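K.L.:
Before I ask anything, let me first share the structure, which is written out below as structure tokens.
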Amino acid sequence: MNVERELQTIIGNKVKDPLEAGTKLMDAGLDSLDVIELAFDIEDRFKVQLPQIGAELISFTYGDLCRLVEKQLEAKADDALVAPAATISS
């Protein structure tokens, strides 16, 4: 899965131009409500839970957001690998 492409699609619903890695979400024209809605859309699309929502997330750059989603996806994959082993040893 190409996280950056998927995020550009999701963000494209709120921002017309593609974002560069260093672009802050707030500087792209997103307000706090937009960022919260964006977080929910990302969580729904990637089936992950973002630890930062609201005030913290609005200060993120697009690159920060990409890295956060990638990190959450990696953690989810690691959990999926560990869970069956834990079930077998129980």
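K.L.:
Suppose we filter segment 24-46 for residues that are touching a residue at least 40 places away in the same chain (Cβ under 8 Å) and outside any helix (DSSP H, G or I); how many remain?
P.N.:
Total meeting the criteria: 1.
K.L.:
Find all pairs meeting these conditions: Cβ atoms under 6 angstrom apart; at least six residues apart or on different chains; first residue within segment 58-87 and more than 17 Å from VAL48 (Cα to Cα); second residue modelled with pLDDT of 90 or more and exposed (fewer than 12 other Cβ atoms within 10 Å of the Cβ).
P.N.:
THR61/GLY22
K.L.:
Quick one: LEU30 ticks every box in (1) under 16 Å from LEU57 (Cα atoms); (2) out of contact with any Lys or Arg (no Cβ under 8 Å at 6 or more places or on another chain) bar one, so which box is it?
P.N.:
It is condition (2) that LEU30 fails.
K.L.:
Based on what the data block shows, is ASP64 at negative phi, part of a helix (DSSP H, G or I) and surrounded by 14 or more Cβ atoms within 10 Å (Cβ to Cβ)?
P.N.:
Taking the combined requirement at face value, the residue satisfies it.
The values are calculated or read from the model by the stated rules, or taken from the named source; none is laboratory data. It should be emphasised that the depicted structure is a prediction, and the values quoted were computed from it without experimental measurement. Quick reminder, even Gly has a Cβ in these numbers, built from the backbone with ideal geometry, and neighbours come from all protein chains shown.
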